[in-house]
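Values quoted throughout were computed directly from the atomic coordinates according to the rules given, and no laboratory measurement underlies them. All figures in this text were calculated on a predicted structure; none of them were measured in a lab. Note that each Cβ is placed from the backbone with ideal geometry, even for glycine, and that neighbours are counted across all protein chains shown.
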Amino acid sequence: MDIQVKRKWMILGIVLLLVVAIAAGTADLWKNGASQNRKSGYVAVIRIDGPIYGGPDTDSLLNGGSGVTSEELMRQFQEARKDPEAKAILVRINSPGGSTGATQEIAEEMDKIRSSGKPIIISMGDMCASAGYWLASKGNYIFATPATITGSIGVYMDYTNVEDLMNKLGIKNEKIKSGAHKDILSMYRSMTGEERDMVQSMVDDIYNQFVQTVADGRKMDESKVRSIADGRILTGKQAQDLGLVDAMGNYYDALSYAASSGGIQGDGENIPVKVYGSGVSLKGLLSGEVKNLSGLFARAAADSFKESLLESSVPSMK
């Protein structure tokens, strides 16, 4: 595509973004005014959708990536904790699990919120398992639907061994290493007995941390948690019977409970909320849920302009 044409499309895109930003800003002002009239604050809503993994806050205008990063969620929880108008936090979780290290980073920010006196209410979606449940156990009260898939309290480390296949193909993998265990999870050889014990001790250590976290969060006896912490998955109803979930209810039931816990006025869909997140949808823009629109717009325009400059400096072959 001709560079001039690309620039025209870029300018058109920026103009459209500006129009949307103005509309959103108007809606935002209206919404903020309505919230101020209530003088009761709002529920901060934080969503955990997809796998949880370590990494930076993407902070892109229309982020549609799969999963959430620890830095992204830590930022959201920190903002909710410091926001005086956020009287309660509703965490909507729809996740199969993820990285233990990333989960512990996020959990620490949730602990800080609870220490500040703000209640955290958990709403489970289709799935809230493994690391997802680790975070759910940090809440003051947990809602799930009867068919929610949850539980899966456990830890594993996997690796692939293709040594036999390599031998059949006559391929050898050789490496120079600084220590006997530097390639402990190499796919080209089997682990020794000593190495397997090392890895097992790591898994056991993280597992014990998981069990203790659930026991503390749910105020359950550790032995009871261990009796069901064998990696099994549970329905929301089964989890409630075992003490891992407090009540059956959907997102709006959890929202109402969060509002009540934070002393916020409103009922049903009229409860004032502030939705956190780095991804920005058109619906979110038009509903006024996105804050700092000028910053988002400026970053989007800068990214588009930078992309245009980069493209103009690269020779094209047509």
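Summary table below
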read-out	value
Region 155-219: projected area of the alpha-carbon convex hull, averaged over directions, in nm²	5.7 nm²
Full-extension gain in nm, ILE233 to ASP83, via 0.36 nm per residue minus C-alpha separation	50.4 nm
Karplus-derived HN-Hα couplings along region 173-185 (A = 6.51, B = -1.76, C = 1.60, θ = phi - 60°), whole Hz, x at Gly and Pro	10, 10, 8, 9, 10, 7, x, 4, 10, 4, 10, 4, 10
Derived scalar couplings ³J(HN,Hα) [region 128-143; Karplus, 6.51 cos²θ - 1.76 cosθ + 1.60; whole Hz; x for Gly, Pro]	8, 10, 6, 4, x, 6, 3, 5, 4, 5, 7, x, 6, 8, 10, 10
Globularity ratio of region 104-204, using Cα Rg and 2.2 N^0.38 Å	1.65
Semi-axes of the equivalent ellipsoid for region 159-260, Cα gyration tensor, largest first, Å	44, 17, 13
Spin-label pair ASN270/LEU242, simplified geometry with 7 Å Cα→Cβ offset, distance in nm	4.1 nm
Pairwise FRET efficiency - ASN94 versus SER260, Cβ, R0 = 25 Å, nearest 0.05	0.60
Neighbourhood charge, 10 Å Cβ-Cβ cut-off, centred on VAL155 and excluding it, Lys, Arg +1 and Asp, Glu -1	-2
Sites LYS112 and TYR156, calculated FRET efficiency, Cβ-Cβ separation with R0 25 Å, nearest 0.05	0.30
